[in-house]
Amino acid sequence: MKKKILIPVIITVLLFLAPVSCTRIDAGYDGILIKQYGTDKGVQDVSLVTGRVWYNPWTEDVEQYPTFVQTVDYTSFTVNAKDGSSFTVDPTLSFGVVRGNGPRIFQKYRKDLEEVTAATILNYVKDAFRLQMNKYTTDEIVSNREKFETDVQSTLQKVLDKEGFFLEQLTSGLKYPNTIVQAVNKKNQAIQDAMAMENKLRLAEAKAKIKIVEAETEKKANELRQQSLTPLLIQQQFIEKWNGSTPLYGNSPVTFKNVN
């Protein structure tokens, strides 16, 4: 009988003497109080706490989920297009926990945010790319890359919203297959060569036109010079240059006969 009485007393004393810890939930974080033991363990063992929190480290734990934007650069992975071409994706994700959703997220995954980001969120990102990539052929992705990336981001955003996260930004770091890169390079080179040839032809045409203009100008100048040499103009030029002397040709004429 004494033992039955002593057991509850001992438990009460131990609980009274149990260590108590205190932590502070800073602004920008969701505080999560987790009960490790007791009748509340299970469905209702997680609650949202803020400010200064007192808890029993023997039976409780406190987790903090940041609600500000987190940026993570994931390792690249490959995804196949609708026609089988393999693209490389090197995504960078900026996201965060919607304030007040920390307990719900923890209750579902039972992991801290770093673990959720490294595994669960990464799987969501991969699924979004695979889902949309299967809707596009290689040519469609190359021609409509912006639309493809928008579709991927929209798909991921819907999943994150449902899970209690918000999406800030997603960059794909999409890299085309080597065959596509080589084809694009050849196409660009062909375009550059064609432009260079076109420029040369234009330059040659311009030079030819310049020569034609110069020849026509010279021809017109000669015609004008010839037209200006009229008999009247020649006579005027002769008069302007005459010094008043009678021109002599051969022997001088003899006017008077010498009479002796």
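The values are calculated or read from the model by the stated rules, or taken from the named source; none is laboratory data. Since the model is a prediction, treat every value here as computed from it, not as a measurement. Here the Cβ is made from the backbone with ideal geometry for all residues, glycine too, and neighbour counts use every protein chain on show.
Scoring I32 on the criteria (1) assigned to a strand (DSSP E or B); (2) loosely packed, with under 14 Cβ neighbours inside 10 Å leaves a single failure, condition (2). Could you check the stretch 153-175 and list, in sequence order, the residues that are closer than 24 Å to S86 by Cα and of a type in the set (V, I, T)? Once the filter is applied, which keeps residues that are closer than 24 Å to S86 by Cα and of a type in the set (V, I, T), the stretch 153-175 yields T155, T171.
Residues in the stretch 81-88: is at least one β-branched (V, I, T) and surrounded by 15 or more Cβ atoms within 10 Å (Cβ to Cβ)? No: the stretch 81-88 contains no residue that is β-branched (V, I, T) and surrounded by 15 or more Cβ atoms within 10 Å (Cβ to Cβ).
Quick check, is N101 more than 20 Å from the chain's Cα centre (by Cα), under 19 Å from G28 (Cα atoms) and not assigned by TED's automatic domain parsing to the domain that holds D26? The answer is yes for N101.
Those helices (runs of 4 or more DSSP H) of the stretch 102-215 in which at least 3 residues are of a type in the set (D, E, K, R) and without any contact (Cβ under 8 Å) to a residue 40 or more places away in the chain, considering only elements entirely within it, cover 145-163.
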